[in-house]
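Student: Quick one: structure below, then a few questions.
The values are calculated or read from the model by the stated rules, or taken from the named source; none is laboratory data. These numbers were taken from a predicted model, which means no experiment stands behind them. All Cβ positions, even for glycine, are placed from backbone atoms using ideal geometry, and neighbour counts span all protein chains on display. SASA here: full protein model, heavy atoms, side chains in, ligands and nucleic acids out. Shrake-Rupley method; radii C 1.70, N 1.55, O 1.52, S 1.80 Å.
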Amino acid sequence: MKSMIKMKMLAVALIAMAAIQMTFVSCSDEPDVENYYTTTSHYASSFLQQDEQYSMFVQVLERANLLGLLGTYGSYTVFAPTNDAFELYLAQNGYSSIADINDSICKDIAYNHVIDGAAYYTTDIVGSDSYENMLYHPLTVSLDSDSVSVPGQILLEVTVNHSSKMIQMDDSVENGVVHTMATVIGTDNDLLPSLIARDPLVSIFYEAMKLTHMDDSLQKFKDFSYTIGSDSINWTNKGLVKQTASEYDNVAYPRERRYKFTVFCPTNEALEEKYGITDIEGLKALAKKLYDPAYPADADVEDPTDRRNSLNRFVSYHMLDRMGRYWMLTAMDGGNNTLSKNFNRRNWDIADWYETMMPRSILKCSFPSGSASGLYLNRRGIMNHEDKLGHFVRGAKLTPPEQVKVTNDCLNGIYHYIDDVISYDLYTQDELFRGERMRIDCSTLSPDFMNQTGYGGSPARGHYTRSDVEGGKYGIWDNSPDINNRQLCLGFKNGSAKYFKFDDQKTHLRVRPRTLGFWSYQADELCIANANDNPYDIEVTLPPVPEGDYELRMGTCVDFQNRGIVQFYIDGVPQGIPFDMRSAGNSTKIGWQADGTDAEQNAAFDKQFHYRGWMKGPKAYACGGGTVDIMRERANTLRRVIGTFHSFGRPDEYHVLRMQQKLKGAGDSTCDFDYIELCPSAVYNNPDLAEDVW
């Protein structure tokens, strides 16, 4: 008990010591110091140069041509190893001095110890998700226990990637912050399968990965054919694309296109405890039990590398082709819980939906509140009880980051421990999904929105505004045309956003940052805009759903004059008349009316409103935080019923939504593509129970 109290006290003291500030500026592929204003006073470079304990690190920075950059205007986080740290590194690697290390390795070491684009203090990063350094390597800063330094006592220490100890923290400099390290941070270039292979806690699942060859599907890292084109701008060449409508955006493009993956690994302990499985043969038997009834025509497919094989389906369903860090998979933010306060969590679990690497299958990520708090896969219910339809399924729970004591992320992805298996079997399709409305944030519709990063190493999905004066992490949106502005929208060209197809000469696609000031679900949104004064025209491949009839809806914010008029198509078939987004929320146009005190009258209006192709926004979410601007209570945050389609639930089946601007001479007209709903007929056409308002 005394040890636990000491750990808690030390943790509180450690966090209290850290400074609270963050600034943001540009990151660039190769340092370009001639374009910066330079000074020699109180910058990271001079801080390091004036202290002899960093002299060997300074030599490495000079060899990498990085020291000059750290003496310029910008915003950097520097993890600075001491001379003692480098003496240990030299001895371990057979060098006698820094001069023996070649320039390429010096560059890797230097880049591995610097984050370009943000000053991260310990209050910002301890216990949060990883942050990419200049090598694109993830750096995870955590509180780990130390029972060696003082025998008989359990102390806490701040470590990077659970291995490099921080011995001095939060030294503020004019252009960022410096943390002092007791060891050199390793430059491991392993890809995700190699990382999982080294972990004995998930050896059975990894053996299944090898047997099915699904580990081969996780080997990609970079799209070497990617280019943003000469007419587009990225942060590297310090320019911007500016949209000039009444509601305009400044937009920059990712400098690279990266491939990343997420693997949910059932631990050996969970497999044995829940299913009695101790080897690969037991896992094969479980896979057949789960998948043969769902796909009886494939029950005799014995080749584990065949995508129809039950073990192959089992393994691939545990994989995503996107980076899914613990705090990225839903709108629940571990570094700052402000966004979660926008949700009515007594009636709605924060959730998102993702297609898996099992062909045309989908899973749900939920983060309930209360005693059941945590991140789950394929959970159904509200908090720790049944939902409105009487369903409760616990799902598989992920181990939270602070309890993971290994490096579980790398250049091309991350893996998580889960305490149960997940499967796309009949039970999941029937009990969990076919009777549940899927509300899907549009910033998750392409894995590229979660894989590609912009300024400061933040992915398009979930990058946020920051104002330490007003609003904290999700502060006032800063749309200033400054390349050092981290809040810029991330743009995507055709071919760089999976599941989106369009002509770059007609259509501009971008992801806006999160800010509480937006009238948008989960505080962010996709914007589809006219390009070069041409009307936009875009196709979006919809996420897969089990067999059945579905209604497709779009959540959006209307009543802006630059919104335009859009025609919807499902699988090439026009759906109703064009949608005028400029003034659709006006009560004289569509008959929207606020809720009254009579619940029966409210329900009758909802039914009639839905019949005419409209729905109020969800009551589960309030823009601006707390109870401010509940979507259901606003006339401009609506759901448009687009149309219906039938899914056969086949692995080769795709459904496509097309959106086409119909307003001629529309200039910079945009479509606010906020979220979609895939609603099964058991919900929207239930004769016994009306669809809930949440």
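Student: Go through the residues of segment 430-445 one by one and say whether even a single one is surrounded by fewer than 24 Cβ atoms within 10 Å (Cβ to Cβ), in a helix (DSSP H, G or I) and free of Cβ contacts under 8 Å to residues at least 60 places away in the same chain.
Tutor: Yes, the conditions are met somewhere in segment 430-445.
Student: Any idea which of (1) over 24 Å from Leu320 (Cβ atoms); (2) among the aromatic types (Phe, Trp, Tyr); (3) at pLDDT 80 or above is the one Tyr226 doesn't satisfy?
Tutor: Against the list (1) over 24 Å from Leu320 (Cβ atoms); (2) among the aromatic types (Phe, Trp, Tyr); (3) at pLDDT 80 or above, Tyr226 comes up short only on (1).
Student: Taking the condition of being in a loop (DSSP other than H, G, I, E, B) and under 25 Å from Ser217 (Cβ atoms), how many residues in segment 331-365 meet it?
Tutor: Number satisfying all stated conditions: 6.
Student: Could you tell me how many of the residues in segment 650-686 are at pLDDT 95 or above, open to solvent by 40 Å² or more (accessible area, probe 1.4 Å) and closer than 13 Å to Met581 by Cα?
Tutor: 0
Student: Could I ask something else about it? So, in segment 315-324, of the ones that are in contact with a Ser or Thr (Cβ under 7 Å, 6 or more places away or on another chain) and closer than 21 Å to Arg258 by Cα, which residue ends up surrounded by the fewest Cβ atoms within 10 Å (Cβ to Cβ)?
Tutor: Within segment 315-324, the match that is surrounded by the fewest Cβ atoms within 10 Å (Cβ to Cβ) is Ser316.
Student: Is it true that some residue in segment 516-539 is part of a strand (DSSP E or B), among the acidic types (Asp, Glu) and over 18 Å from the mean Cα position of the chain (by Cα)?
Tutor: Yes - at least one qualifying residue is present in segment 516-539.
Student: Here's a follow-up. Residue check, Pro574 against (1) closer than 19 Å to Met659 by Cβ; (2) at pLDDT below 95, all met but one. Which one?
Tutor: (2)
Student: Out of Lys165, Lys210, which single residue is in a strand (DSSP E or B), free of Cβ contacts under 8 Å to residues at least 24 places away in the same chain and among the basic types (Lys, Arg)?
Tutor: Going through Lys165, Lys210 in turn, the sole match is Lys165.
Student: Right, here's the next one. Would you call Thr236 at pLDDT below 90 and surrounded by fewer than 18 Cβ atoms within 10 Å (Cβ to Cβ)?
Tutor: Here the answer is no, as Thr236 does not meet what is asked.
Student: Restricting attention to segment 181-232, which residues are under 27 Å from Glu272 (Cα atoms) and of a type in the set (Lys, Arg)?
Tutor: Across segment 181-232, the qualifying residues are Arg198, Lys210.
Student: Right, another one. Which residues, taken from segment 102-122, are in a loop (DSSP other than H, G, I, E, B), of a type outside the set (A, V, I, L, M, F, W, C) and surrounded by 14 or more Cβ atoms within 10 Å (Cβ to Cβ)?
Tutor: Hits for segment 102-122 are His113, Gly117, Tyr120, Tyr121.
Student: So which pairs qualify, if the first residue must be in segment 544-563 and closer than 19 Å to Ala523 by Cβ, the second must be of a type in the set (S, T, N, Q) and in a strand (DSSP E or B), the Cβ gap must be under 9 Å, and the two must be at least 6 apart or on different chains?
Tutor: Matching pairs, first to second residue: Gly555/Thr637; Thr556/Thr637; Cys557/Thr637; Val558/Thr637; Phe560/Thr670.
Student: When the residues of segment 249-278 are filtered to those that are in contact with an Asp or Glu (Cβ under 7 Å, 6 or more places away or on another chain) and in a helix (DSSP H, G or I), which remaining residue is surrounded by the most Cβ atoms within 10 Å (Cβ to Cβ)?
Tutor: Only one residue tops the list, namely Ala270.
Student: Quick one: which of Phe57, Phe79 is under 24 Å from Asn189 (Cα atoms), aromatic (Phe, Trp, Tyr), open to solvent by less than 10 Å² (accessible area, probe 1.4 Å) and in contact with a helix residue (DSSP H, G or I) (Cβ under 8 Å, 6 or more places away or on another chain)?
Tutor: Matching residue, one of Phe57, Phe79: Phe57.
Student: Within segment 50-101, which residues are assigned to a helix (DSSP H, G or I), closer than 23 Å to Ser163 by Cα and either of a type in the set (Phe, Trp, Tyr) or touching a Cys at 6+ places or on another chain (Cβ under 8 Å) (or both)?
Tutor: Passing the criteria: Tyr54, Phe57, Val60, Phe86, Tyr89, Ile98.
Student: Ok, one more. Would you please name the residue that is farthest from Ala331 (Cα to Cα), looking only at residues in segment 598-643 that are open to solvent by less than 20 Å² (accessible area, probe 1.4 Å), assigned to a helix (DSSP H, G or I) and out of contact with any Asp or Glu (no Cβ under 9 Å at 6 or more places or on another chain)?
Tutor: Here the residue is Phe609.
Student: Does any residue of segment 420-429 turn out to be in a strand (DSSP E or B), modelled with pLDDT of 95 or more and crowded, with 22+ Cβ neighbours inside 10 Å?
Tutor: There is no residue in segment 420-429 that is in a strand (DSSP E or B), modelled with pLDDT of 95 or more and crowded, with 22+ Cβ neighbours inside 10 Å.
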